[in-house]
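Enquirer: Please read through the structure below; I'll follow up with questions.
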Amino acid sequence: MRVRLGLVALTATALVLSAQTAMADGGAYIEFRGPRPGSHFLPGDDASGTAFVAIPERHEELLDRGPFYIYLVPGNKWIQEGKALPEGVIRLATATIERDSGTIFEISTSFTVPDVQGEYYTIQFCNEPCTISGFRESLSGQISIVQTLREASLLNEQQRLYGKNWHLRRQVRKANKQVEDLQLMIDAAGSERSNLIQQIDDLEAEIVRDQRAPEEDARPLAEGWALVAIAIAVLVSLVAVTLGIVFSRRHRPTLVVPDTIAGLDEELEDTLART
């Protein structure tokens, strides 16, 4: 039972992907229905399966190589064209092939679920001996055989919860991707904001420099009052120097040098007498 529960997630994914593939390429998956909702069958249940395949007109002659049968394949075994059927394969029923429209054909079958061990089984389509297992690719499906209704109910609930969880995880991945994209946009906007702020600062500094330049060009080397003070100081200095020279010349003693020695002696005696 634990092994079966562990296989539910993998099987649910396989069923979804197989069904999507069938719809995309014309039909390679047989969908089975039973007396209860879900894909789990009890031994003795009546099961029916249907698939639609596209068979090009040039390949319709393959239909003459029937009859075609539906086989129950256990475990991980697989029927291959041109080879003997694997051990344990059970032939369930004959497949009916009818034209639906144009090149689309409906393949249908119905059978009673055999009394075998509870497990997931592959249902495959092939003629006998097996030379055609499909018309574009192998035609197959899958069913789960259980022993009790309770087991079927639990497995159905497990599959439902797994599908819901898978959907939520997908939404979380999408949300995380959106968050990452938004963060990249925020980072880019922050970088752009920093660049704009730097440009604004540069422009403001340039404006200040432009405003100061005319004032500095018009400003004189020295203020007017300073020039007047300097002129007055120069004039005062000149007057002082001139007066000093004149004063010194007026009070400087006159030195008369006698022409003879006798005259020099007389001058010396007069000087001594005055002192």
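Here, each number is a calculation from the coordinates, and none is a lab measurement. Since the model is a prediction, treat every value here as computed from it, not as a measurement. So basically every Cβ, Gly included, is an ideal-geometry build from the backbone, and we count neighbours across all protein chains shown.
Enquirer: Running Debye on region 99-154 with equal point scatterers at the Cα sites and no solvent, what base-10 log of I(q)/I(0) appears at q = 0.17 Å⁻¹?
Expert: Relative scattering, expressed as log10 I(q)/I(0), comes to -0.75.
Enquirer: With a sphere of radius 15 Å drawn around the Cβ of Arg91, what net charge do the other residues whose Cβ falls strictly inside it have (Lys, Arg +1; Asp, Glu -1)?
Expert: Values: positive: Lys77; negative: Glu87, Glu128.
Taking every Cβ under 15 Å from that of Arg91, the sum is -1.
Enquirer: For the pair Asn195/Gln183, report the inter-label distance in nm, with labels modelled 7 Å from Cα in the Cβ direction.
Expert: My value for the distance between the label points is 2.2 nm.
Enquirer: Would you pull out the residues with amide H under 5 Å of Asn127's amide H, same chain only if 5 or more places away, H placed 1.01 Å from N?
Expert: Long-range HN contacts for Asn127: Tyr69, Ile132.
Enquirer: What ranking do 176-185, 145-154 get when scored by the average of other Cβ atoms within 10 Å per residue, highest first?
Expert: Details: 176-185: 10.0, 145-154: 16.0.
Packing proxy ranking, top to bottom: 145-154, 176-185.
Enquirer: For a quick check: sort Ser133, Ser48, Ser194 by the number of other beta carbons within 10 angstrom, fewest at the front. Numbers along the way, then the final one.
Expert: Values: Ser133 20, Ser48 14, Ser194 10.
The order, fewest Cβ neighbours first, is Ser194, Ser48, Ser133.
Enquirer: Sticking with this one: Starting from the Cα of Glu98, step 7 Å along the direction of its Cβ; do the same at Arg212; then give the gap between the two resulting points in nm.
Expert: A separation of 9.7 nm, rounded to one decimal place.
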